[in-house]
Amino acid sequence: MSFFGTFTDDCLSIRRQSPLILNITNYVAMSLSANALLAIGASPLMSSEPEEMQDIVSKAEALTVNIGCLEGRQLEAMRLAAEAAYIQRKPWVLDPAGVGVSALRLNSCNELIGRFHPGVIRGNASEIMSLAGASARNHGVDSAEESRIASVYAVSLARKYNCIVSTSGPTDYITDGKEIISIS
(Lines give C-alpha, C1' and ligand atoms only; values in the text may rest on other atoms or scores of the structure.)
Protein backbone atom coordinates (compact mmCIF):
# COMPACT_ATOMS: atom_id res chain seq x y z
CA MET A 1 0.00 0.00 0.00
CA SER A 2 1.27 3.49 -0.79
CA PHE A 3 1.92 6.15 1.84
CA PHE A 4 -1.47 7.64 1.05
CA GLY A 5 -3.27 4.69 2.66
CA THR A 6 -6.94 4.27 2.07
CA PHE A 7 -9.00 7.39 2.31
CA THR A 8 -12.14 5.57 3.45
CA ASP A 9 -10.32 3.80 6.29
CA ASP A 10 -8.77 7.09 7.42
CA CYS A 11 -12.16 8.84 7.44
CA LEU A 12 -13.77 6.00 9.40
CA SER A 13 -10.93 6.09 11.91
CA ILE A 14 -11.36 9.84 12.41
CA ARG A 15 -15.11 9.42 12.89
CA ARG A 16 -14.56 6.64 15.47
CA GLN A 17 -11.92 8.52 17.44
CA SER A 18 -13.34 12.07 17.15
CA PRO A 19 -9.89 13.61 17.71
CA LEU A 20 -9.48 17.09 19.15
CA ILE A 21 -7.72 19.26 16.56
CA LEU A 22 -6.23 22.61 17.57
CA ASN A 23 -6.47 25.17 14.78
CA ILE A 24 -4.52 28.39 14.67
CA THR A 25 -5.96 29.93 11.57
CA ASN A 26 -7.08 33.15 9.99
CA TYR A 27 -10.54 34.56 10.54
CA VAL A 28 -11.56 33.98 6.92
CA ALA A 29 -10.86 30.23 7.07
CA MET A 30 -11.91 29.64 10.69
CA SER A 31 -15.55 28.70 10.11
CA LEU A 32 -14.79 26.65 7.00
CA SER A 33 -12.03 24.74 8.83
CA ALA A 34 -14.23 24.06 11.84
CA ASN A 35 -17.12 22.85 9.69
CA ALA A 36 -14.88 20.62 7.56
CA LEU A 37 -13.42 18.99 10.67
CA LEU A 38 -16.89 18.53 12.17
CA ALA A 39 -18.11 16.98 8.90
CA ILE A 40 -15.47 14.23 9.06
CA GLY A 41 -16.11 13.60 12.75
CA ALA A 42 -13.23 15.48 14.36
CA SER A 43 -13.60 17.98 17.18
CA PRO A 44 -12.12 21.37 16.20
CA LEU A 45 -10.87 23.94 18.68
CA MET A 46 -9.82 27.37 17.48
CA SER A 47 -7.35 29.43 19.50
CA SER A 48 -4.43 31.79 19.04
CA GLU A 49 -3.83 32.66 22.68
CA PRO A 50 -0.17 31.90 23.50
CA GLU A 51 -0.91 31.25 27.19
CA GLU A 52 -3.06 28.20 26.45
CA MET A 53 -1.03 26.50 23.73
CA GLN A 54 0.78 24.06 26.07
CA ASP A 55 -2.47 22.95 27.70
CA ILE A 56 -4.41 22.55 24.48
CA VAL A 57 -1.68 20.73 22.56
CA SER A 58 -1.29 18.28 25.44
CA LYS A 59 -4.96 17.36 25.03
CA ALA A 60 -5.21 17.60 21.22
CA GLU A 61 -4.40 14.83 18.79
CA ALA A 62 -3.22 17.20 16.03
CA LEU A 63 -2.54 20.82 15.15
CA THR A 64 -3.14 22.95 12.06
CA VAL A 65 -1.38 26.27 11.56
CA ASN A 66 -2.51 28.73 8.87
CA ILE A 67 -0.49 31.96 8.71
CA GLY A 68 -3.19 33.89 6.81
CA CYS A 69 -3.65 36.78 9.30
CA LEU A 70 -0.19 36.82 10.77
CA GLU A 71 0.34 39.10 13.77
CA GLY A 72 2.65 39.08 16.78
CA ARG A 73 0.66 37.20 19.43
CA GLN A 74 -0.67 34.73 16.89
CA LEU A 75 2.85 34.05 15.62
CA GLU A 76 3.98 33.46 19.21
CA ALA A 77 1.07 31.00 19.64
CA MET A 78 2.07 29.23 16.42
CA ARG A 79 5.63 28.79 17.64
CA LEU A 80 4.56 27.54 21.06
CA ALA A 81 1.98 25.13 19.62
CA ALA A 82 4.31 23.78 16.93
CA GLU A 83 7.06 23.28 19.48
CA ALA A 84 4.70 21.44 21.85
CA ALA A 85 3.40 19.26 19.00
CA TYR A 86 6.96 18.46 17.95
CA ILE A 87 8.07 17.57 21.49
CA GLN A 88 4.95 15.49 22.09
CA ARG A 89 5.22 13.85 18.64
CA LYS A 90 1.80 14.99 17.56
CA PRO A 91 1.10 15.52 13.88
CA TRP A 92 0.70 19.02 12.60
CA VAL A 93 -0.06 20.74 9.30
CA LEU A 94 1.33 24.06 8.07
CA ASP A 95 -0.61 26.20 5.60
CA PRO A 96 1.84 28.95 4.55
CA ALA A 97 -0.80 31.37 3.26
CA GLY A 98 0.79 34.19 1.27
CA VAL A 99 4.29 33.08 2.30
CA GLY A 100 6.05 34.69 -0.67
CA VAL A 101 4.54 38.13 -0.12
CA SER A 102 6.69 39.23 2.83
CA ALA A 103 9.96 38.40 4.54
CA LEU A 104 8.12 38.00 7.88
CA ARG A 105 5.89 35.26 6.43
CA LEU A 106 8.76 33.45 4.71
CA ASN A 107 11.11 33.65 7.70
CA SER A 108 8.35 32.57 10.10
CA CYS A 109 7.42 29.56 7.97
CA ASN A 110 11.05 28.56 7.47
CA GLU A 111 11.54 28.71 11.24
CA LEU A 112 8.43 26.63 11.95
CA ILE A 113 9.38 24.02 9.35
CA GLY A 114 13.06 23.89 10.24
CA ARG A 115 12.63 23.70 14.00
CA PHE A 116 9.36 21.85 14.46
CA HIS A 117 8.97 19.64 11.36
CA PRO A 118 5.31 19.58 10.29
CA GLY A 119 3.98 16.28 8.97
CA VAL A 120 2.21 18.08 6.13
CA ILE A 121 2.83 21.36 4.30
CA ARG A 122 -0.18 22.46 2.25
CA GLY A 123 0.03 25.41 -0.07
CA ASN A 124 -0.72 26.72 -3.52
CA ALA A 125 1.92 26.59 -6.25
CA SER A 126 3.42 30.02 -5.50
CA GLU A 127 3.61 29.25 -1.78
CA ILE A 128 5.30 25.87 -2.29
CA MET A 129 7.80 27.37 -4.74
CA SER A 130 8.57 30.23 -2.33
CA LEU A 131 9.21 27.79 0.53
CA ALA A 132 11.53 25.81 -1.74
CA GLY A 133 13.55 28.98 -2.42
CA ALA A 134 12.42 29.29 -6.03
CA SER A 135 11.47 32.52 -7.67
CA ALA A 136 7.68 32.59 -7.70
CA ARG A 137 5.14 35.17 -8.69
CA ASN A 138 2.95 35.75 -5.64
CA HIS A 139 -0.40 37.46 -5.60
CA GLY A 140 -1.52 37.43 -1.97
CA VAL A 141 -3.00 34.02 -1.22
CA ASP A 142 -3.75 33.40 -4.90
CA SER A 143 -1.18 31.50 -6.90
CA ALA A 144 0.34 33.05 -9.99
CA GLU A 145 2.14 29.76 -10.77
CA GLU A 146 0.96 26.38 -12.06
CA SER A 147 0.63 23.51 -9.60
CA ARG A 148 2.18 21.12 -12.17
CA ILE A 149 5.37 23.19 -12.23
CA ALA A 150 5.39 23.56 -8.44
CA SER A 151 5.09 19.78 -7.98
CA VAL A 152 8.84 19.46 -8.66
CA TYR A 153 9.52 21.86 -5.79
CA ALA A 154 7.02 19.98 -3.61
CA VAL A 155 9.02 16.78 -4.09
CA SER A 156 12.18 18.62 -3.08
CA LEU A 157 10.54 20.06 0.07
CA ALA A 158 9.08 16.68 1.02
CA ARG A 159 12.51 15.05 0.75
CA LYS A 160 14.29 17.85 2.58
CA TYR A 161 11.88 17.90 5.53
CA ASN A 162 10.70 14.27 5.44
CA CYS A 163 7.05 15.27 5.23
CA ILE A 164 4.08 15.24 2.88
CA VAL A 165 3.64 18.29 0.67
CA SER A 166 0.32 19.09 -0.96
CA THR A 167 0.21 21.64 -3.76
CA SER A 168 -3.27 22.94 -4.53
CA GLY A 169 -4.52 24.22 -7.86
CA PRO A 170 -6.85 23.13 -10.65
CA THR A 171 -4.95 19.88 -10.25
CA ASP A 172 -3.63 19.11 -6.78
CA TYR A 173 -0.30 17.29 -6.36
CA ILE A 174 0.53 15.40 -3.18
CA THR A 175 3.93 13.87 -2.50
CA ASP A 176 6.07 12.31 0.19
CA GLY A 177 9.19 12.93 -1.88
CA LYS A 178 9.09 9.43 -3.37
CA GLU A 179 5.60 9.06 -4.79
CA ILE A 180 3.41 11.76 -6.24
CA ILE A 181 -0.28 11.67 -7.02
CA SER A 182 -2.48 14.18 -8.77
CA ILE A 183 -6.14 14.94 -8.17
CA SER A 184 -8.04 16.98 -10.73
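The values are calculated or read from the model by the stated rules, or taken from the named source; none is laboratory data. All values derive from a computational prediction rather than experimental measurement. Positions of Cβ are generated from backbone atoms using ideal geometry, with glycine treated the same way; all protein chains shown enter the neighbour counts. Quick note on the areas: whole protein, heavy atoms, side chains included, nothing else; ligands and nucleic acids left out. Shrake-Rupley method; radii C 1.70, N 1.55, O 1.52, S 1.80 Å.
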*Tally, over region 92-105, of residues that are in a loop (DSSP other than H, G, I, E, B) and surrounded by fewer than 18 Cβ atoms within 10 Å (Cβ to Cβ)*: 2
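For every residue, the table says whether it meets (1) in a helix (DSSP H, G or I); (2) touching a residue at least 24 places away in the same chain (Cβ under 8 Å); (3) open to solvent by less than 60 Å² (accessible area, probe 1.4 Å).
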residue	(1), (2), (3)
Ser33	yes, yes, yes
Ala36	yes, no, yes
Val57	yes, yes, yes
Leu70	no, yes, yes
Leu75	yes, yes, yes
Ala81	yes, yes, yes
*asked:* Given the condition more than 25 Å from Val101 (Cβ to Cβ) and more than 15 Å from the chain's Cα centre (by Cα), answer yes or no: does some residue in region 66-79 qualify?
replied: no
*If you go through region 132-163, how many residues are modelled with pLDDT under 95 and of a type outside the set (Gly, Ala, Ser)?*
11
*asked:* Here is a check on your reading of the model: is Arg89 surrounded by fewer than 16 Cβ atoms within 10 Å (Cβ to Cβ) and farther than 29 Å from Leu20 by Cβ?
replied: no
